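Read the structure below first, then the notes.
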Amino acid sequence: MPEDLYDVAIIGCGPAGLQAAIHAAGKKAKVIVFGKPRNSGLYKAHIANFCCSEKLISGKEMLEGGRKQAESFDAVFLEEDIIETKNENNLFSLTTESGATFASRTLILSIGVARKKLRVKGEKKLVGRGVSYCVDCDANFYRGLDVAVVGNESAAATGALTLLSYARTVYLICRKLTITDTLYEQLKNSHVRVIQDTWVKEVIGTNEVEGVLLKNSETLKVNGIFVELGAKGALELAANLGVVFYQETVSFVETNKKQETNIRGLYAAGDITGQPWQIAKAVGEGCVAGIEAAEYAKKLAES
Ligand SMILES: Cc1cc2nc3c(=O)[nH]c(=O)nc-3n(C[C@H](O)[C@H](O)[C@H](O)COP(=O)(O)OP(=O)(O)OC[C@H]3O[C@@H](n4cnc5c(N)ncnc54)[C@H](O)[C@@H]3O)c2cc1C
């Protein structure tokens, strides 16, 4: 057995990974967590809808608090990315970007998803100041205001319909909609203003979004733009381990109710298992994964 063998290794220190660490370490498992908090989708966000936090709390505060909680149960943190994972002889081996290697009886993947970006002028600068990648998270901030959604698929169409309950005007900017007939009918019968055959060229604004410039040279005055282009998973790591993905999306890791994947000892939790991309789901799944992994590691150690 390697000298520094862990019971539970967790890749990702967003809400799913942190909650998993708290529960696994709380069960006296030897836990190590890898990742950089700054890279969590939550780091720059303000959270409006998480249970029992009535006031807006900052994502940074939440992530720092979660780490302190996990450390109080003796979980160890390493602010490095994992670049390689292997599963041999009932052990997971992990290599960090600096070349260090670690071994663990179980592994929890909580690596989140990266929202696809528009990659246009003004977008990066105004993230969190009018540019959003999550209608469910941010719709409430746009009550009575004007917003645009950009995207061609059902996420964009349903996002636009959801926003109708909050915003004064909702534009849907798309090249060509590829959605179901039902959704198309819903859009047609709604007040969403669909602008087809064009795309966003630039997000306009100094300190916050003031409008969008379209490729057809039209300018829309809006207070917010929701980019609904789907997600890129950090999936190479998972694929290398032979993990099964959900067939419809091929980008989310399939788990059962114990957060187990098809590989023994390998669990997944949070955004990487699919929508809704919400903290409440991430911490719920993290809790289950942490408990299950700790118990399975204990059985392995005793066998
Ligand atoms: C702007 C914004 C606002 C939001 N607002 C809300 C809100 O109000 N309410 C709400 O419920 N949700 C909100 N969300 C969604 C919420 O942030 C996510 O659902 C949640 O963070 C998912 O948690 P996670 O742990 O699965 O993934 P993440 O928080 O994304 O964490 C994944 C972690 O994995 C790490 N990682 C990835 N690859 C590797 C690797 N190879 N090695 C090591 N580490 C790795 C990353 O660095 C990151 O720290 C918001 C998201 C954004 C972007």
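Amide H to amide H distances under 5 Å link Glu202 with Leu213, where only residues 5 or more positions off or on other chains count and H is placed in the peptide plane. Peptides 112-119, 288-295, 47-54, 212-219, ordered by how many other C-beta atoms sit within 10 Å of their residues on average, highest first, read 288-295, 112-119, 212-219, 47-54. Each part reduced to its alpha carbon centroid, the range 124-172 and the range 237-302 end up 30 Å apart. The range 187-214 and the range 63-97 have Cα centres separated by 41 Å. The GNM of the chain, with springs linking C-alpha atoms under 10 angstrom apart, assigns the highest mean-square fluctuation among Glu64, Glu254, Glu228 to Glu64. Taking every alpha-carbon pair under 8 Å whose residues sit at least 6 apart, the range 1-99 reaches a relative contact order of 27 percent.
On alpha-carbon atoms, Rg over Rh for the chain using Kirkwood Rh? Please report the intermediate quantities before stating the final value.
Values: Rg = 21.0 Å, Rh = 20.4 Å.
Over the Cα atoms of the chain, Rg/Rh equals 1.03.
Structure remark: mean-square fluctuation, Gaussian network model of the chain, C-alpha springs under 10 Å; the largest value among Val150, Val120, Val243 belongs to Val120.
Once you keep just the Cα pairs under 8 angstrom separated by 6 or more residues, what percentage relative contact order results for the range 183-303?
Numbers: 128 pairs, mean separation 14.3, N = 121.
Result for the range 183-303 is 12 percent.
Under the Kirkwood approximation for Rh and a Cα-based Rg, what ratio Rg/Rh is obtained for the range 28-109? Could the numbers behind the result be given before it?
On the way: Rg = 15.3 Å, Rh = 14.6 Å.
Value, to two decimals: 1.05.
Ellipticity at 222 nm from helices only: DSSP H runs of n ≥ 4 in the chain, each -39500 (n - 2.57), divided by the residue count, give -7500 deg cm²/dmol.
Phi angles across the range 19-36 convert, under the Karplus curve 6.51 cos²θ - 1.76 cosθ + 1.60 with θ = phi - 60°, into 3J(HN,Hα) values of 5, 4, 5, 4, 6, 5, 5, x, 8, 6, 6, 7, 10, 10, 10, 10, x, 10 Hz, Gly and Pro given as x.
Would you mind telling me which residue in Ala239, Ala160, Ala29 has the biggest mean-square fluctuation in a Gaussian network model of the chain, where springs connect alpha carbons within a distance under 10 angstrom? Among Ala239, Ala160, Ala29, the largest mean-square fluctuation in the Gaussian network model of the chain belongs to Ala239. Karplus-based coupling profile of the range 129-140, in residue order and whole Hz: 10, x, 8, 10, 10, 8, 4, 4, 7, 10, 3, 4, with θ = phi - 60° in 6.51 cos²θ - 1.76 cosθ + 1.60 and x standing for Gly or Pro. With neighbours defined as other Cβ atoms within 10 Å of a residue's Cβ, the residues Cys13, Cys134 order from fewest to most as Cys134, Cys13.
Taking every Cα-Cα distance in the range 161-303 and sorting them into 5 Å bins starting at zero, the pair-distance distribution P(r) comes out as 2, 8, 13, 14, 13, 11, 11, 10, 8, 5, 3, 2, 1, 0 percent.
Mean separation of Cα pairs under 8 Å and 6 or more residues apart, divided by the residue count, gives the chain a relative contact order of 23 percent.
Bear in mind that the values in this text are calculations on the coordinates, not laboratory data. All figures in this text were calculated on a predicted structure; none of them were measured in a lab. Note: ideal-geometry Cβ built from the backbone for every residue, glycine included; neighbour counts use all protein chains shown.
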